[in-house]
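Beneath this line is the structure, given in structure tokens, with notes to follow.
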Amino acid sequence: MKGCNIVYPSYTNPHHLKQETLSQVGPWVQYGLNEAQKTSVPHAMMEIAAIAYLMGKGYDPRMAHQIVESWEVNEMF
């Protein structure tokens, strides 16, 4: 973003943060791409965003996925 000065905590290596982030979300992006073929792009994006949000809150990725799946009824939230 223009004009956005990102300040990383002193213990965070920006390159490591990038690699860690991409390695954690990569499998879920692939899952979302597959899910979009079965449902819809908006549905898949909502599902993956919700999983990523819960992961950011500290939930284990598999648990986050189970929680989000439990919110669906007939492939809808």
Next item on the list: Report, by residue number, each residue of the stretch 28-43 that is open to solvent by less than 80 Å² (accessible area, probe 1.4 Å) and not in a loop (DSSP other than H, G, I, E, B).
Entry: TRP28, VAL29, TYR31, GLY32, ASN34, GLU35, ALA36, HIS43
Margin query: Can you find, within the stretch 44-77, the residue that is nearest to GLN24 (Cα to Cα) among those that are surrounded by fewer than 16 Cβ atoms within 10 Å (Cβ to Cβ) and among the β-branched types (Val, Ile, Thr)?
Written below: ILE67
Margin query: Every residue in the stretch 41-63 that is within 26 Å of ASN74 (Cβ to Cβ) and either modelled with pLDDT under 95 or within 10 Å of the chain's Cα centre (by Cα) (or both), please.
Written below: MET45, MET46, GLU47, ILE48, ALA49, ALA50, ILE51, ALA52, TYR53, LEU54, MET55, PRO61
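The values are calculated or read from the model by the stated rules, or taken from the named source; none is laboratory data. What you see is a predicted model, and the numbers here were worked out from it, not measured in a lab. A quick note on method: Cβ atoms are made from the backbone with ideal geometry, for glycine too, and the neighbour counts reach across all protein chains shown. For the accessible areas, the whole protein counts, side chains as well, though only heavy atoms, and no ligand, DNA or RNA atoms are used. Shrake-Rupley method; radii C 1.70, N 1.55, O 1.52, S 1.80 Å.
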